[in-house]
Amino acid sequence: MATATKQLKKAARIILIGAPGVGKGTQTKRLLDRFPQLGAISSGDLLRENVRKRTPLGIQAESIMQSGNLVPDSVMLELISSELISRGWLLPPQSSSSSSSSPSAKPSISRTASFILDGFPRTAAQASMLDEIVPINFAVHLLTPPSVIISRIASRWVHEPSGRVYNTDFNPPKVPGKDDVTGEPLTQRADDSIDTWKQRLKQFEESSKPLLDHYEAKGCLWRVEGNSSDEISPKLFAEIERRFA
Ligand code: AMP
């Protein structure tokens with residue numbers, strides 16, 4: 001989808017909250033195209049990168065992810081804050097001579113950084129931890145009926161080596177089960193199987209209520225509904241422009 005770009009005048013620190021498969025990744029990509037000042041961190045992508053590289057954290061997270069459960073909060077916070085620091089959006093604690101031994105020295109947020117966190121925080125505990133370092137000012141709740149998501153997941157296939165994604169309903173490969181470019185076999189993402197998805201949806205429903213309440217109480221929660229990403233994107237763009245452009 002080709003989009004005109006827009007400038008943001010105020011720093012936007014956005015999180016996307018939604019059931020697995022609702023299209024958080026798709027919305028993130030579109031927002032990055034629309035608002036070039038935005039950057040993004042996806043907790044799922046960061047974890048999958050660690051699994052691929054066989055880091056100690058990745059090895060620990062792999063079986064948890066495959067079973068559809070959540071990686072422990074402390075592991076997630078460490079992962080996200082080090083990524084925020086490496087992107088320059090979070091500045092490491094200042095070590096001034098008078099306060100160098102202060103145990104309360106905390107990293108501080110870059111005042112101009114605008115970004116999207118996709119998939120983090122996932123629980124109210126993670127949100128409280130994040131509040132300490134990053135004041136989120138726009139929490140988006142993406143809503144699509146579960147029956148619509150389930151049919152989308154069942155039809156999603158990927159070519160692992162290239163990351164090319166197919167959908168047997170609206171973007172099928174030329175030869176069923178084969179990548180268009182290489183002819184290699186297509187697979188379904190290990191955590192995309194319907195049973196795992198149902199487990200993840202249950203997790204999401206249990207953990208998201210307190211998370212949504214958390215941001216509602218802060219006055220920055222906004223809901224958007226649609227049966228497809230194409231229905232949701234224009235509404236999301238308009239709201240971000242209203243608040244930040
Ligand atoms: P995602 O790609 O966002 O659906 O994440 C895939 C899997 O990574 C999830 O099912 C969890 O096991 C794990 N994960 C991602 N983000 C988090 C998080 N914020 N807290 C705990 N686990 C997470």
Could you grab me the full set of residues in the stretch 63-82 that are among the acidic types (Asp, Glu) and either near the ligand (Cβ under 8 Å from one of its atoms) or modelled with pLDDT of 95 or more (or both)? ASP73
Members of the stretch 40-62 found to be more than 8 Å from the ligand (Cβ to nearest atom) and touching a strand residue (DSSP E or B) at 6+ places or on another chain (Cβ under 7 Å), listed by number: ALA40, ILE41
Residues that are more than 15 Å from the ligand (Cβ to nearest atom) and within 18 Å of the chain's Cα centre (by Cα), drawn from the stretch 202-225: LYS209, CYS220, LEU221, TRP222, ARG223, VAL224, GLU225
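So that you can scan it fast, the table gives a plain yes or no per residue for (1) touching a His at 6+ places or on another chain (Cβ under 6 Å); (2) over 22 Å from ARG87 (Cα atoms); (3) part of a helix (DSSP H, G or I):
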| site | (1), (2), (3) |
| --- | --- |
| GLN7 | no, no, no |
| LYS10 | no, no, no |
| PRO20 | no, yes, no |
| LYS29 | no, no, yes |
| LEU32 | no, no, yes |
| ALA40 | no, no, no |
| GLY44 | no, no, yes |
| GLU49 | no, no, yes |
| MET65 | no, yes, yes |
Report yes if GLY119 is small (Gly, Ala, Ser) and under 17 Å from the mean Cα position of the chain (by Cα), otherwise no. yes
Within the stretch 110-126, which residues are touching a Phe, Trp or Tyr at 6+ places or on another chain (Cβ under 7 Å), more than 10 Å from the ligand (Cβ to nearest atom) and in contact (Cβ under 8 Å) with a residue 24 or more places away in the chain? ALA113, PHE115
Which is open to solvent by 70 Å² or more (accessible area, probe 1.4 Å), farther than 27 Å from SER114 by Cβ and out of contact with any Cys (no Cβ under 6 Å at 6 or more places or on another chain), of ILE64, ILE59? ILE59
Suppose the filter is on the phi < 0 side of the Ramachandran plot, modelled with pLDDT of 90 or more and touching a Leu at 6+ places or on another chain (Cβ under 7 Å); does THR28 pass it? yes
Among (1) open to solvent by less than 50 Å² (accessible area, probe 1.4 Å); (2) farther than 28 Å from GLU206 by Cβ; (3) of a type in the set (D, E, K, R), the one test that ARG54 misses: (1)
At pLDDT 90 or above and open to solvent by 60 Å² or more (accessible area, probe 1.4 Å) - does that describe any residue in the stretch 87-110? yes
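The values are calculated or read from the model by the stated rules, or taken from the named source; none is laboratory data. Bear in mind that the values here come from a model prediction, so they are computed numbers and not experimental data. Virtual Cβ from ideal backbone geometry, glycine too; neighbours counted across all protein chains shown. Just so you know, the surface numbers come from the protein's heavy atoms only, side chains and all, with ligands and any DNA or RNA stripped out. Shrake-Rupley method; radii C 1.70, N 1.55, O 1.52, S 1.80 Å.
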